[in-house]
């Protein structure tokens with residue numbers, strides 16, 4: 001997930017420099033300067049995507065996202081950079097989550113350098129998030145370092161621990177590397193949907209109907225437990241499952 005227009009706290013985004021290679025601005029996001037080829041969406045395709053983004057932003061604004069006082073405090077926690085963590089099948093809500101609750105900081109998200117990633121990256125930039133992209137040869141290592149650096153410059157990052165292809169509701173240990181390196185908290189975001197369409201994709205992606213009521217849930221996890229031990233992937237998974245109830249289909 002994820003990251004701009006309408007967002008503050010974007011200091012340092014144009015001056016990131018890492019030992020593995022410099023990062024540069026790229027279509028509203030970041031890429032490694034030594035990348036051989038990064039796919040982009042251009043011309044009429046970008047125009048089509050822009051029109052789609054307008055539709056989805058308008059759709060998102062109709063959603064009745066509800067949060068009690070305690071949940072609201074957690075969702076808007078902004079005293080330090082954080083990783084915003086959401087299951088892949090709830091990504092429809094991501095732009096509205098960042099617009100309504102996370103507007104104090106720019107939000108960056110990991111996106112592939114592939115052709116499919118080009119569409120995702122372009123869409124993210126249009127709805128207020130900034131993609132982090134890297135070369136296809138060194139993508140994992142380079143992008144991970146880029147995410148570490150953008151957090152150190154004061155920005156949030158977005159993570160979908162079971163994306164982009166699953167398995168559903170899994171958390172791999174590698175997704176915790178960035179928060180551990182920065183000793184940063186994870187803000188786990190959950191949603192309980194009212195009327196919604198579930199697609200036939202691997203993650204049974206949620207598409208809420210316009211004006212649907214959505215109950216927001218949120219848990220904040222530190223990078224380490226109270227006893228100093230590292231937070232484990234199983235602990236993150238259990239916390240995410242607890243705040244994301246799925247209704248029987």
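The values are calculated or read from the model by the stated rules, or taken from the named source; none is laboratory data. Everything quoted here is computed from the prediction, not taken from an experiment. Note that each Cβ is placed from the backbone with ideal geometry, even for glycine, and that neighbours are counted across all protein chains shown.
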Those residues of the range 53-77 which are assigned to a loop (DSSP other than H, G, I, E, B) and surrounded by 15 or more Cβ atoms within 10 Å (Cβ to Cβ), in sequence order = 63, 67, 76, 77
Out of all the residues in the range 164-206, which are surrounded by fewer than 18 Cβ atoms within 10 Å (Cβ to Cβ) and within 22 Å of residue 131 (Cβ to Cβ)?
-> 164, 165, 166, 172, 174, 177, 181, 201, 202, 205
Tally time: how many residues in the range 216-226 are surrounded by fewer than 17 Cβ atoms within 10 Å (Cβ to Cβ) and touching a strand residue (DSSP E or B) at 6+ places or on another chain (Cβ under 9 Å)?
-> 3
Does any residue of the range 89-100 turn out to be in a loop (DSSP other than H, G, I, E, B) and either under 30 Å from residue 200 (Cβ atoms) or modelled with pLDDT of 95 or more (or both)?
-> no
Determine which single condition residue 25 fails, assuming it passes every other condition in (1) modelled with pLDDT under 90; (2) out of contact with any helix residue (DSSP H, G or I) (no Cβ under 7 Å at 6 or more places or on another chain); (3) in a helix (DSSP H, G or I).
-> (3)
Quick check: is even one residue across the range 227-238 in contact with a strand residue (DSSP E or B) (Cβ under 9 Å, 6 or more places away or on another chain), modelled with pLDDT of 90 or more and surrounded by fewer than 13 Cβ atoms within 10 Å (Cβ to Cβ)?
-> no
For the range 55-76, state whether one or more residues are on the phi > 0 side of the Ramachandran plot and in contact with a helix residue (DSSP H, G or I) (Cβ under 8 Å, 6 or more places away or on another chain).
-> no
